[in-house]
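The values are calculated or read from the model by the stated rules, or taken from the named source; none is laboratory data. What you see is a predicted model; the values in this text were computed from it and never measured. Glycine gets a Cβ as well: all are built from the backbone with ideal geometry, and neighbour counts include every protein chain shown. Note: areas computed on protein heavy atoms with side chains; ligands, DNA, RNA excluded. Shrake-Rupley method; radii C 1.70, N 1.55, O 1.52, S 1.80 Å.
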Amino acid sequence: MNETEQLLEQVAVRARHSAHGRGEHAEPLPAPLGAGEITRAEGILGFALPPLLARLYTRVADGGFGPEHGLLPLRQAVAAHEAQRASGWRWPEAVLPVADLGCAVYACVDCRSATAQVLLFDPNPGEPDLAWSVDAPSLAGWLRGWLDGTAWFCEESALGEDHDLELFPWTEFRSRI
């Protein structure tokens, strides 16, 4: 079993057994998506999902697991992408919001990045130049941080709210739009 397969299995196990935010009367995870639904979403978006992200949706579930409130269902992620692209925030073309972290903050995957880099979008400072930061150099690393509890968004993390994310310079990011 390769590293990606191991990671997918670990995520699937945690997703099935995690009580985080799900409560006693929680509904089961949504069913995984079929390949056709991934293809349809990619057609709407105009870009391909990174393989790991697509496999999360087709092998684990259509959202509902992961950091904070969990991954967005794919249709909701596509709708959020379209809404942000139409907003005044100069949303980059191939950056897909994948998790709503609350207070209008999204964890996003740069779908054109070789590592599926995870970015944090926080519009609360009110300045497009200050809205973006690098959350994790890769989607795999972001998921591992969730699995082992070391990511800043994990309650058990020593980083907690004192963690200062590296600001992603807007001028560099903007050149990729």
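Residues that are at pLDDT 90 or above and open to solvent by less than 20 Å² (accessible area, probe 1.4 Å): find the helices (runs of 4 or more DSSP H) completely inside segment 66-175 holding 2 or more of those.
So the answer is 74-86, 139-148.
Leu8 versus (1) touching a helix residue (DSSP H, G or I) at 6+ places or on another chain (Cβ under 6 Å); (2) open to solvent by 20 Å² or more (accessible area, probe 1.4 Å); (3) in contact (Cβ under 8 Å) with a residue 40 or more places away in the chain: which is the lone unmet condition?
Failing condition for Leu8: (2).
So which residues in segment 41-54 are in a helix (DSSP H, G or I) and touching an Asp or Glu at 6+ places or on another chain (Cβ under 9 Å)?
Taking segment 41-54 first, the residues in a helix (DSSP H, G or I) are 41-45, 51-54.
Those that are in a helix (DSSP H, G or I) and touching an Asp or Glu at 6+ places or on another chain (Cβ under 9 Å): Ile44, Leu45, Ala54.
Go through the residues of segment 105-119 one by one and say whether even a single one is among the acidic types (Asp, Glu) and touching a helix residue (DSSP H, G or I) at 6+ places or on another chain (Cβ under 6 Å). Talk me through it step by step, then tell me what you get.
So in segment 105-119, the residues among the acidic types (Asp, Glu) come out as 110.
Checking the rest, the ones that are also touching a helix residue (DSSP H, G or I) at 6+ places or on another chain (Cβ under 6 Å) come to none.
Looking for residues that are among the acidic types (Asp, Glu) and touching a helix residue (DSSP H, G or I) at 6+ places or on another chain (Cβ under 6 Å), one finds none in segment 105-119, hence no.
Quick check on segment 31-58: of everything there that is more than 20 Å from Val118 (Cα to Cα) and open to solvent by 50 Å² or more (accessible area, probe 1.4 Å), which residue is nearest to the chain's Cα centre (by Cα)?
Of all residues in segment 31-58, those more than 20 Å from Val118 (Cα to Cα) come to 31-37, 39-40, 43-44.
Now narrow it down to the ones that are open to solvent by 50 Å² or more (accessible area, probe 1.4 Å): 31-32, 35, 37, 39-40, 43-44.
Numbers: Ala31: 18, Pro32: 16, Ala35: 19, Glu37: 18, Thr39: 19, Arg40: 19, Gly43: 19, Ile44: 18 Å.
The selected residue is Pro32.
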